[in-house]
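Since the structure comes first, as structure tokens, the remarks are kept for the end.
The values are calculated or read from the model by the stated rules, or taken from the named source; none is laboratory data. In this text the structure is predicted, and so the values were computed from the model without any measurement. Cβ atoms come from the backbone with ideal geometry, glycine included; neighbour counts cover every protein chain shown.
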């Protein structure tokens, strides 16, 4: 028997209101945490060996087929970081994206932490029904973040490596011909040298397939 014996109608209203308040409160609270506090290598967010860099979620749960249907809570906030589609591929953008997946994951863990509260006013039979609801509305979102994070890290690492390779090629070309004797052989050659020196990616350096994160 629950500590508080409420009529069924009031219990239903209280359950609905409590879930709304908890989910909104968790989202607001996590949005107030400074970005620098989210470390993907921390105890809560780091990938475990059994996760196989997120591949386990695709093998068992086929996460890539349904993650696009998940709501993006960032849309509720003016300064929220949208995660449905990637808006860039730079290492800095990927690093920000990774930290924002940690923020989203934290919000859903906070929501799950309030689940025992529903046993205080519901009969245990009704309170048990809150468990599948909590799992269905939070665990898929947690899974999506943990699936995306290793893929984002791999993409960021490829971009950093590509930038280093370009810098090395530019340095070697400059050292061979010297500062006053290196002239472009053609207009096309000049364009390519300029592109490398400015730090942009040439088509040949782009990863063959970028992860789809939307």
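Please list, ordered by first then second residue, the pairs with beta carbon atoms under 7 Å, 6 or more apart or interchain, first in region 1-21 and within 26 Å of residue 110 (Cα to Cα), second surrounded by 15 or more Cβ atoms within 10 Å (Cβ to Cβ) and modelled with pLDDT under 75. The qualifying pairs are 14/6. For region 32-45, the condition of being touching a helix residue (DSSP H, G or I) at 6+ places or on another chain (Cβ under 6 Å), closer than 16 Å to residue 144 by Cβ and touching a residue at least 60 places away in the same chain (Cβ under 8 Å) holds for at least one residue. Just one of the listed residues (103, 172) is assigned to a helix (DSSP H, G or I) and modelled with pLDDT under 90, and it is 172.
Given the structure, is residue 95 in a helix (DSSP H, G or I) and closer than 12 Å to residue 145 by Cβ? Answer is no for this residue.
Residues that are surrounded by 12 or more Cβ atoms within 10 Å (Cβ to Cβ) and in a loop (DSSP other than H, G, I, E, B) were ranked within region 57-76; the one that is modelled with the highest pLDDT is 70. Just give me the residues in region 106-133 being more than 19 Å from residue 10 (Cα to Cα), assigned to a helix (DSSP H, G or I) and touching a residue at least 40 places away in the same chain (Cβ under 8 Å), in sequence order. Residues satisfying the conditions are 106, 107, 108, 109, 110, 111.
I'd like the full set of residues that are farther than 12 Å from residue 144 by Cα and in contact (Cβ under 8 Å) with a residue 40 or more places away in the chain, limited to region 52-66. The answer is 53, and nothing else.
Being surrounded by 13 or more Cβ atoms within 10 Å (Cβ to Cβ), modelled with pLDDT under 95 and not in a loop (DSSP other than H, G, I, E, B) is a property that residue 155 has.
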